[in-house]
Every structure is written in structure tokens, then in C-alpha cells.
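The values are calculated or read from the model by the stated rules, or taken from the named source; none is laboratory data. For clarity, every value in this text was computed on a predicted model and none was experimentally measured. Virtual Cβ from ideal backbone geometry, glycine too; neighbours counted across all protein chains shown.
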């Protein structure tokens, strides 16, 4: 299993960000073909006290081929375009391969 | 559900880091009381090409009280002490609350 991880740093206007994120972006992302599971979590603190992070989202796919195909699909492109419209300066993305523990 | 997220940036010596991480640190972390689930994933790339990240680990607990108790437990302190011994300069940690999607 692989995942696309999107890490968001705290936006200037969290209420506005959250509205665009949950009302529009997440529904678009959930349409990506081959998506096995999606987990969104809100950052609530850190061992050191405050965290610069605001949100973390993880989209799971069976393998990198499925993830790449999803990102290149019309649904993936629509989700990415929407994201860049309101969160380009807050988001960092990477791909990760889940390991057995 | 809440999770402790540990994000590691690429170490100077990945083979040495991985050995200490998988052979010693993960087994210690898995002993934390109240741990519901642990997911470790290796970063394999990014939409932009390279990612500065190396690994992401997520430890799930039922609520923040359980997470806090686990970090304050002897097992939690042992895991943290071990981590600081080889990964202090690579790790960033935060707490996040999983949202329904």
C-alpha cells in the first residue's frame, strides 16, 4: 500500500481554509479513481507545544502505479487544480510506501 | 481517534538510520500502553520530484488523554530517549485528531 501525504501548514485564515478544504477539496479528492482509503486529521498540538502544521491528509492506493494513474486522471487533475487555488502556499506533498511494523 | 505523527527528514546515513529505527526504535514504540495502531511509511518521492522527507510514523490512540499517558509512561519515555539518541535532528512531531471524511 502507498499513500499520497499532504501536509498543510497553518493558514492565515483557518476558518476560510477549512471551509474550502472540507466543503470543496475533500469531496473532489474522494472522487480520485483507485482511492482505497482517505484519512484527514487536524493538528492539535505537539510535544514541544505549538506546531506549525494545520492539517494532514493521506490518500491510500494499492501501489504507485494506481497513485500515479489517479493523479493523472481528470478527477485527480480537478482536485489538484482546486487545491492550488486556495492552498498552494500551505501544502507540501510526498509519496510514501507503508511498511509492515 | 488521535495520532502522534513523527516526520523524519532524510538522514545523512540512511542505512544506519534505518537500522537503528527498525531494529531498536520501532520495537520500543510498539510497547507504549494504549497504542491502538502504528503505521510506518517510507517516503519514496513527491509530485515535485524529490522530497526532503525520509519516513513518516503514526501512532494511534483512542484520545488525547491516552496519548499523553502513553508518552508519560516508562515505555513512552524509553522510546523517546532512544529516539533522541539517533534522530533528534531529523524528527518533527505533532498530535492530530482524525476527522471523519
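Scanning the range B:71-100 for residues that are assigned to a loop (DSSP other than H, G, I, E, B) and closer than 14 Å to residue B:17 by Cβ yields B:88, B:89, B:90. Picking from residues in the range A:45-72 that are more than 18 Å from residue A:7 (Cβ to Cβ) and free of Cβ contacts under 8 Å to residues at least 24 places away in the same chain, the one that is surrounded by the most Cβ atoms within 10 Å (Cβ to Cβ) is A:68.
Of the strands (runs of 3 or more DSSP E) lying entirely inside the range A:1-66, those carrying at least 1 residues that are more than 21 Å from residue B:55 (Cβ to Cβ), touching a helix residue (DSSP H, G or I) at 6+ places or on another chain (Cβ under 8 Å) and within 13 Å of chain B (Cβ to nearest Cβ) are A:37-45, A:53-61.
Across the range B:84-96, the qualifying residues are those that are within 11 Å of chain A (Cβ to nearest Cβ) and in contact with a helix residue (DSSP H, G or I) (Cβ under 8 Å, 6 or more places away or on another chain), and the one among them that is farthest from residue A:49 (Cα to Cα) is B:91.
Is it the case that residue A:75 is modelled with pLDDT of 95 or more, more than 20 Å from residue B:49 (Cβ to Cβ) and surrounded by fewer than 19 Cβ atoms within 10 Å (Cβ to Cβ)? Against the criterion (modelled with pLDDT of 95 or more, more than 20 Å from residue B:49 (Cβ to Cβ) and surrounded by fewer than 19 Cβ atoms within 10 Å (Cβ to Cβ)), residue A:75 qualifies.
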